[in-house]
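Everything below concerns the one structure shown next.
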Amino acid sequence: MHSFITTRSGIFAKLPTGIIRILNEKIVETQSSSFCKSRSLSRDSSDGNNDDKEVSNDEKRIPRAGEYRSPWKIFKEEFEGVSTLKPLGTEVPRETDVLIIGGGVVGSAVAYWLKQRSAKGHTVTVVERDPVYTRASSMLSCGGIRHQFSVPENVQLSMFTSEFLRNIKENLSVIHESLPDVQFNHQGYLFLAPPRDAEQLANNVKMQQELGAKVVLLSKKQLAEKYPWMNLDGIECGSFGVEGEGWFDPWLLVRALKQKNLSLGTKYVHGELTGFEFAQKGNTNEPDSLEAGVVRIKSGIEYEIKFAVVVNCAGPWAADVAEMARIGIGENDLQVPLPVEPRKRFVYVTHCPEGPMLDCPFVIDPSGVYLRREGFGGHYLCGSSPTNESEEPDISNFEVDYDFYEKIVWPGVANRVPAFNDSKLKSAWAGFYDYNFFDQNLVIGPHPYLRNMYFANGLSGHGLQHSIGVGRAIMEHILDGDYKTINLEKFHFDRFISKVPIEEQGIV
């Protein structure tokens, strides 16, 4: 069926009715607001190269409207021809209820809970600059999950994720797709403590048990009986997670979340945030709220997306997104920055034919060195974090420091498990923590001044295991105005203003 459309120039054209409806929507959309202001804050694209067709400076920005624009030009920009479908992730909505910056495990978890609550009640858009997650922190982690923390809320967040993964087929199944499976290995975590830390470890276990975690305290004698392959010199006791702890495949979780989100109507955009538009309502020079984000796609064209709420899930680069909202560089309430930065960590894969097998848990040594089994062929993952700030590796690249393995990791692992004196390093990789250098704990909730910007950052190495609980908490605060499942108010941005850190002994 065809119909006629009249442009402002008085030209008539015969087009299919469906196309006319789309054109009319775009014309109305482009006439609904004023021109975009210039951006003072932007970043270079993370894609490195640009294989798409170059565009001129005048064409790089799709304006918010305000002047007449030919419907034919709108149609060309938005749809690139009637017979050509845009690649997935290149169609950018002009407005959304919730805009999520970062589509990794945390951002996808936030999107999941928002759409799970009401799939058609609100729109959710996720902007991700690396859709294959080559640099995502969760993809480059060891995939561990544990309930053994010293802060009760951290214990609850991990327990919530364990329960979610236990019922993952029910939670993330999509019709006509294979059932999700994250390949959970229920080997548990084993924290070892020297005499000086024994009392603190016992107190932690007691608190964890009161919250319902299946964690037990093992004496040195019990450790020797359970793990005869372990050297226990200098060890007084250990805590072991009997249930709900271990490790799983991060990629399979992110894939399942994204697949579920797409089925619920979440829109994923392959692009990078380059700035914000501000709503100026008061009499001060500072904005009262944010009203739109500017997103640049691979071709270089920038689109503006209006939103009611924006959630910063940008991981190690969360502070860059915060600065675009003037957080940390503004005046008065905007002077305090988001204390999150990338910290590079290395994961080493070693082969030890005589090493521990199925009874090997995720071992955390008092020295900071960790070890876990990988598969069934005698391979293990191991690593450690630097002991002081001066040893932090360069974050300008993903190069691996093999000297760190030779000097720190291997001696530490071989001291605790003597069989590793005969091990051989096979491979290694580097990844980033979204490191909260204030207190190494989660930053969540709205900014105290820009109330429609939410944070879900600074998890400092335990983002994968807390992501599901964090996503639900963000949903609750946005839709209900408060936390309903786990009260995470102590992790709000306000603690940076009052300079009151949260002490967590379970940072690895």
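The values are calculated or read from the model by the stated rules, or taken from the named source; none is laboratory data. Because the structure is predicted, anything quoted here is derived from the model rather than measured. Here Cβ is always computed from backbone atoms with ideal geometry, including for glycine, and neighbour counts include all displayed protein chains. Keep in mind that these areas ignore ligands, DNA and RNA; they rest on the heavy atoms of the full protein, side chains included. Shrake-Rupley method; radii C 1.70, N 1.55, O 1.52, S 1.80 Å.
Worth a mention:
- Among the GluC sites (Glu not before Pro) within segment 206-259, those in coil by DSSP and having at most 16 neighbouring Cβ atoms inside 10 Å are Glu243.
- Overall, the accessible surface of segment 351-394 at a probe of 1.4 angstrom is composed of carbon and sulfur to the extent of 56 percent.
- Nitroxide proxy distance, nm - points 7 Å out along Cα→Cβ at Phe376 and Leu262: 3.2 nm
- Residue pairs exceeding 24 angstrom between C-alpha atoms, taken from Lys226/Lys344; Lys120/Lys169; Lys206/Lys490; Lys260/Lys426; Lys267/Lys484; Lys206/Lys407: Lys226/Lys344; Lys260/Lys426; Lys267/Lys484; Lys206/Lys407.
- Pairwise FRET efficiency - Gln280 versus Ser427, Cβ, R0 = 56 Å, nearest 0.05: 0.60
- Rounded percent of accessible protein surface that carbon and sulfur make up, segment 462-508, 1.4 Å probe: 45 percent
- Spacing of the modelled spin labels on Glu323 and Asp494, each 7 Å from Cα toward Cβ, amounts to 2.8 nm.
- Taking each residue as 0.36 nm, the span from Tyr402 to Trp251 lengthens on full extension beyond its C-alpha to C-alpha distance by 51.8 nm.
- Nearest-0.05 FRET efficiency for Leu179 and Asp333, computed from C-beta distance (R0 41 Å): 0.30
- Cα gyration tensor shape of segment 130-178, rounded if a/c is under 1.5, else prolate or oblate by comparing a/b with b/c: oblate
- Theoretical gain in end-to-end length, Ala119 to Gln222 [0.36 nm per residue, Cα-Cα removed]: 32.0 nm
- Taking all protein chains as they are arranged and a probe of 1.4 Å, the heavy atoms of Lys426 leave approximately 110 Å² accessible to solvent.
- Using the alpha carbons alone, the radius of gyration of segment 294-389 stands to its Kirkwood radius in an Rg to Rh ratio of 1.20.
- Rolling a 1.4 Å probe over the protein heavy atoms leaves Ser150 with an accessible area of roughly 20 Å².
- Potential lengthening between Glu210 and Thr134 on full extension [0.36 nm per residue; Cα-Cα distance subtracted]: 23.4 nm
- With R₀ set to 22 Å, the beta-carbon distance separating Thr485 from Glu199 gives a calculated FRET efficiency near 0.10.
- Cα-based Rg / Dmax (Å) for segment 84-164: 15.9, 55
- Two-decimal log10 I(q)/I(0) for segment 317-440, as the Debye equation yields it once each C-alpha is a single scatterer, q = 0.21 Å⁻¹: -1.15
- Accessible surface of His379 - all protein chains present, 1.4 Å probe, nearest 10 Å²: 60 Å²
- Per residue, segment 348-430 exposes 49 Å² of accessible surface when a 1.4 Å probe is rolled over the protein heavy atoms with every protein chain present.
- The eigenvalues of the Cα gyration tensor, multiplied by 5 and square-rooted, give segment 439-508 an equivalent ellipsoid with semi-axes of 19, 16, 10 Å from largest to smallest.
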